[in-house]
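**Q** I'd like to ask some things about the structure below.
The values are calculated or read from the model by the stated rules, or taken from the named source; none is laboratory data. Remember, predicted model here, so these are calculated numbers, not experimental data. Reconstructed Cβ throughout: ideal geometry from the backbone, glycine too, with neighbour counts over all protein chains shown.
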Amino acid sequence: MEEIKAKIAVVQERVRRLSGFKKLAFEAYLKNLTVKDAVERNIEVAIQACIDIARIIIKREGFREPEDNKGVFVVLSENSIISENSLKFLIPMAGTRNVLVHGYEKIDDAIIFAVLKKHLSDFNFFLKEVEEKYLVTKTDSQKKGSQRLMKK
């Protein structure tokens, strides 16, 4: 669980950093290459940490192996760990991450700016679902298992 909690902290920190750029106008964003680089990198790291969280859960639970980064979120949804709402955000974000990592000439500034302006809360919603539908459940079952062992 500590590994997942560490990844959650990474997403939270990156979203916090991104929040500092939310008041920028699109024109100012486009003109400041340092800001663009910072926003792109923080989005990339936040998305990657979400993918990592999903992969950790999939491995620990023995869920089916996804075909790609988009598929990790489909597997979590199939297993009722995340909702359709999260899935609608995370699948495109996995694609955005791929463009940020591998296709620098293809980066669409309007898409990145829209993530900054409209979708930071979606990261937090994903984290909340993971905490409520996975971490709390696992922690509760571990506590019950420990209590049974202590009674013996």
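**Q** Checking the condition in a helix (DSSP H, G or I), crowded, with 19+ Cβ neighbours inside 10 Å, touching an Asp or Glu at 6+ places or on another chain (Cβ under 9 Å) and modelled with pLDDT of 95 or more, which residue from Val75, Val11 passes?
**A** Val75
**Q** Among the residues of the stretch 84-103, is any surrounded by 18 or more Cβ atoms within 10 Å (Cβ to Cβ), among the aliphatic types (A, V, I, L, M) and either in a loop (DSSP other than H, G, I, E, B) or in contact with a Gly (Cβ under 8 Å, 6 or more places away or on another chain) (or both)?
**A** Looking for residues that are surrounded by 18 or more Cβ atoms within 10 Å (Cβ to Cβ), among the aliphatic types (A, V, I, L, M) and either in a loop (DSSP other than H, G, I, E, B) or in contact with a Gly (Cβ under 8 Å, 6 or more places away or on another chain) (or both), one finds none in the stretch 84-103, hence no.
Here is a yes/no grid of residues against (1) in a helix (DSSP H, G or I); (2) aliphatic (A, V, I, L, M); (3) out of contact with any Cys (no Cβ under 9 Å at 6 or more places or on another chain); (4) closer than 23 Å to Ala110 by Cβ:
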{"site": "Ala38", "(1), (2), (3), (4)": "yes, yes, yes, yes"}
{"site": "Val45", "(1), (2), (3), (4)": "yes, yes, yes, yes"}
{"site": "Ile58", "(1), (2), (3), (4)": "yes, yes, yes, no"}
{"site": "Phe63", "(1), (2), (3), (4)": "no, no, yes, no"}
{"site": "Glu67", "(1), (2), (3), (4)": "no, no, yes, no"}
{"site": "Gly71", "(1), (2), (3), (4)": "yes, no, yes, no"}
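**Q** In the stretch 69-98, which residues are over 17 Å from Glu131 (Cα atoms) and hydroxyl-bearing (Ser, Thr, Tyr)?
**A** The one that is over 17 Å from Glu131 (Cα atoms) and hydroxyl-bearing (Ser, Thr, Tyr): Thr96.
**Q** Can you tell me which residue among Ile58, Ile43, Ile47, Ile51 is among the aliphatic types (A, V, I, L, M), under 19 Å from Val136 (Cα atoms) and crowded, with 16+ Cβ neighbours inside 10 Å?
**A** One residue alone meets the criteria, Ile58.
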